[in-house]
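A short worksheet on the structure shown next.
The values are calculated or read from the model by the stated rules, or taken from the named source; none is laboratory data. On a predicted model such as this, the values are computed, not experimentally measured, just so you know. FYI the Cβ positions are ideal-geometry reconstructions off the backbone, even for glycines, and counts take in every protein chain you see.
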Amino acid sequence: MSQKADGNIMSNLLVEINNDLKQAMREKKEFELAVLRMLSSSLKNKLIETPGKEKLSEDEILAVLKSEVKKRKDSISAYEEGGRKDLADKEREEIEVLSKYLPEAMSAEELEKIVREVVSSQEGASMAQFGQIMGQVMGRVKGAADGNEVSAMVKKVLS
């Protein structure tokens with residue numbers, strides 16, 4: 001189901017975000033509306049940052065989403081260190097809204113399988129090839145696993 005915006009076909013993910021934004025407006029869900037407006041603004045900023053582009057790809061949209069979730073996770077840590085549980089909880093609620101648009105997270109077993117496959121393809125794999133292995137694994141998981149989780153799993157398999 002594609003819709004047109006300014007003559008360009010929009011991605012399904014962008015259509016879903018825009019539809020949810022309109023629905024939040026209709027239902028007067030102020031919190032969700034604020035989060036989706038912020039996301040929409042971030043997506044527009046990303047498009048402006050890439051001159052000559054008329055639309056964002058699914059991967060670019062997912063990258064913006066992951067970036068926004070990461071910002072909130074960082075904020076949660078800072079707020080908890082500062083004793084501001086109320087603000088940390090607000091950030092968690094925002095992550096809930098944003099996570100709806102991210103692909104389902106990969107299980108630890110699936111991630112370990114991919115890491116083991118990549119490590120076994122490397123001759124004499126050791127911590128010296130950590131960066132190479134990380135790059136290959138991150139390319140294969142395509143956002144279904146957090147970079148910190150991948151890093152921990154690679155270290156576990158290599159040790």
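Residue 96: over 14 Å from the mean Cα position of the chain (by Cα) and either at pLDDT below 90 or within 29 Å of residue 154 (Cβ to Cβ) (or both), yes or no? So residue 96 fails the test. Only residues that are surrounded by 10 or more Cβ atoms within 10 Å (Cβ to Cβ) and within 30 Å of residue 26 (Cα to Cα) were counted in region 36-53, giving 12. Only a single criterion out of (1) closer than 16 Å to residue 13 by Cβ; (2) more than 11 Å from the chain's Cα centre (by Cα); (3) small (Gly, Ala, Ser) is not satisfied by residue 63, namely (2). Among the residues of region 84-141, not one is small (Gly, Ala, Ser) and touching a residue at least 60 places away in the same chain (Cβ under 8 Å).
Working only within region 135-156, note down all residues that are aliphatic (A, V, I, L, M) and either farther than 17 Å from residue 110 by Cβ or in contact with a Leu (Cβ under 6 Å, 6 or more places away or on another chain) (or both). Those that are aliphatic (A, V, I, L, M) and either farther than 17 Å from residue 110 by Cβ or in contact with a Leu (Cβ under 6 Å, 6 or more places away or on another chain) (or both): 145, 153. The set of residues in region 100-115 that are more than 19 Å from the chain's Cα centre (by Cα) and surrounded by fewer than 15 Cβ atoms within 10 Å (Cβ to Cβ) comprises 109, 113. Looking only at residues of region 35-59 that are among the polar types (S, T, N, Q) and not in a helix (DSSP H, G or I), we find that the one that is modelled with the lowest pLDDT is 50.
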